[in-house]
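Take a look at the structure set out below.
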Amino acid sequence: MKSKKKPLIKKIEIEQSINVEVNNNAVTIKGEKGEISRKFNSKSIIIKTEENKIIVDSIKEKKKEKKMVNTIVAHLKNMIKGVTKGFEYELSAVFKHFPMTLEVKNNKVLIKNFLGEKVPRECEIVEGVNVNLTGQKFILSGIDKEKVGSMASRLELITRVTKMDRRIFQDGIFITRKDNKII
C-alpha cells in the first residue's frame, strides 16, 4: 500500500534585526545593509511569516512543487544574507601580450588596449553593484547576489578571447574569489 504524500513545508529562521514583509508572494526584506524585494510567481506555493520565521508551503505534493519550494528557500536565504553581510566578488585582469588599462567612469567600466585594440571595450555597471578598482583587481560588492554575479560575468564575457589559441592568448578578466572562497 502506498503512503500518502504530504506537501512540503520549509521554515527559515530570521534574526531580530531583519524586517520581513510578505504580500501575495512578494517578499521584502530589510536589514542593516539595505532592502531587497522579490516577487515569486507560483500559484501552488504560499509564503508567509510567523513570529521570527518565514514559512514556504506547497499546496500540491508533486515533485515540481517540492523543487520550487527548495528554490524559493534558497533565494530567501540569499536575500537574508545579502541584507546582513552582503556579497563580494573579486576579479583580476590578466594580460600577457598587451598591457590593459582599466578605468571606471560614468557608470561604465572601460577596458583599453585589450589585445592591442584601438577602441576601448565598455561594460555598463549594473544598478545596485559597487565597483572598486585597485590596480588590476576589481572588487564588486552589493546586497543582491544575482546582480553582483551578473556584473562579474559581464566583465568576464566582455574580455572573452575567441578564434585564438587559448593556450597562447590567456588575456582577460577572471573571477578569482566569490564570498571569500578562492576559485
Return only the number of the condition from (1) over 29 Å from Val20 (Cβ atoms); (2) in a strand (DSSP E or B) that Leu155 does not satisfy. (2)
Quick check on my filter: what residues within the range 131-175 are modelled with pLDDT under 85 and hydrophobic (A, V, I, L, M, F, W, C)? Val161, Met164, Ile168, Phe169
Kindly indicate whether Asn78 is among the polar types (S, T, N, Q) and either within 30 Å of Val161 (Cα to Cα) or loosely packed, with under 13 Cβ neighbours inside 10 Å (or both). no
Evaluate the following for Gly149: is it within 24 Å of Gln170 (Cβ to Cβ) and either touching a residue at least 24 places away in the same chain (Cβ under 8 Å) or aliphatic (A, V, I, L, M) (or both)? yes
Quick one: in the range 81-140, of everything that is among the aliphatic types (A, V, I, L, M) and part of a helix (DSSP H, G or I), which residue is farthest from Asn180 (Cα to Cα)? Leu115
Looking at Ile47, Ile59, Ile55, Ile18, can you tell me which residue is buried (at least 16 other Cβ atoms within 10 Å of the Cβ), among the aliphatic types (A, V, I, L, M) and touching a residue at least 40 places away in the same chain (Cβ under 8 Å)? Ile18
Name the residue that is nearest to the chain's Cα centre (by Cα), counting only residues in the range 105-163 that are among the acidic types (Asp, Glu) and under 29 Å from Glu32 (Cβ atoms). Glu146
Residues satisfying the stated conditions in the range 21-44, i.e. buried (at least 16 other Cβ atoms within 10 Å of the Cβ), under 27 Å from Glu65 (Cα atoms) and not hydroxyl-bearing (Ser, Thr, Tyr): Val22, Asn25, Val27, Ile29, Ile36, Arg38, Phe40
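The values are calculated or read from the model by the stated rules, or taken from the named source; none is laboratory data. Here the structure is a predicted model, which means the values were calculated and not measured. Note: ideal-geometry Cβ built from the backbone for every residue, glycine included; neighbour counts use all protein chains shown.
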